[in-house]
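Contents: one structure, followed by commentary.
The values are calculated or read from the model by the stated rules, or taken from the named source; none is laboratory data. What you are looking at is a predicted structure, and each value in this text was computed from that prediction instead of being measured. FYI the Cβ positions are ideal-geometry reconstructions off the backbone, even for glycines, and counts take in every protein chain you see.
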Amino acid sequence: MKTAIVILNWNGKKLLEQFLPSVVRFSSELADIYVADNASTDASISYVKEFFPSVKIIENTVNGGYAKGYNDALQAVDVDIYCLLNSDIEVTENWLPPILNVFKNEANTAIVQPKLLDFKDKTKFEYAGAGGGFIDLFGYPYCRGRIFNNLEVDNGQFNDTKDIFWASGACLFIRSKVYHKIEGLDEDYFAHQEEIDLCWRAQNIGYKVKYVGKSTVYHIGGATLQEANPYKTYLNFRNSLLNIIKNVPKKWFLFVVFFRLILDGIAGLKFILELKPIHTWAILKAHLSFYKNFFKFLGKRRKLQKKQNYNLHTSIVWQYFVLGRKKFEELE
């Protein structure tokens, strides 16, 4: 299988200097490496050309964010397997074979994620994907090894290979034929949670999403938008709601939307009590965008199938904040 690692970059010269060497060192024998540049204004491109001539460069004409950036760039990449890799990730020796073996042996697996650990504290799982992503009844994402802001220490508890609901966009492998069959990433998201929508749509047509714990990468996280950035809050709340419109099965749709809006309101009140009103405003803006885009996204729905991983008996908000269950193994 031909494989390509495609690193999306926007004014990320410092990140490329720090992390591109590990990608080239541990990946070149099994994959082509690309830097897809989102119209950077720094010296990113000249740096790659000078110090990593083997790395192919794709120059997008605009900064369309994560979704459009990859949709534009991948048109120029003719391989069997795409790896969408953030520029702030350090890969490790032999990280590729366990993942490529899954694709080789499991024709129905379309998307794969490795173990994501925190680059700043390599003993802990990293927020963006940890040990594989899941979604609760109300569309809130969580991970094995990360529930809300609670990060678990990696003690080998997730060294398995397991079906998951969504793979982290920080390091996401996908069969190219499936990527194009489901029309790629939804560019209306710009950034954040579009990978959840991508995985959801792949499952809706019968493919599997997997986590491979024998492959490890280290992720800084927040290098593009810091966790405290209200724009990130806006995108996360808005895009999560858009995922619900597009993908929640019809029989659950009104129930999920109604209670999700209430729970978001409670989250807004929590931000006020924490003296973070700017994040409450971000949630309000997310809801306004949700109403504005409601019928547009309703038109994007496809024929849906009930998925086992759409966990209809779990509210992560209830289990975390009310029952105090902070670890994945404690959830019911």
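Hey, which of the strands (runs of 3 or more DSSP E) in the stretch 94-153, taking only ones fully inside, have at least 3 residues that are among the hydrophobic types (A, V, I, L, M, F, W, C)?
109-118
Would you call ASP160 farther than 21 Å from LEU263 by Cα and either assigned by TED's automatic domain parsing to the domain that holds VAL102 or in contact with a helix residue (DSSP H, G or I) (Cβ under 8 Å, 6 or more places away or on another chain) (or both)?
Criteria met by ASP160.
Could you list, in sequence order, all residues of the stretch 32-56 that are surrounded by fewer than 22 Cβ atoms within 10 Å (Cβ to Cβ) and within 14 Å of ILE89 (Cβ to Cβ)?
ILE33
Looking at the stretch 271-278, is at least one residue touching a residue at least 12 places away in the same chain (Cβ under 8 Å), surrounded by 13 or more Cβ atoms within 10 Å (Cβ to Cβ) and under 29 Å from GLN203 (Cβ atoms)?
no
Going by the structure shown, is TYR179 in the same structural domain as VAL77 (by TED's automatic domain parsing) and under 28 Å from GLY324 (Cβ atoms)?
no
Pick from the stretch 237-277 the residues that are in contact with a helix residue (DSSP H, G or I) (Cβ under 7 Å, 6 or more places away or on another chain) and basic (Lys, Arg): which of them is nearest to SER289 (Cα to Cα)?
Per the criteria, the residue is ARG238.
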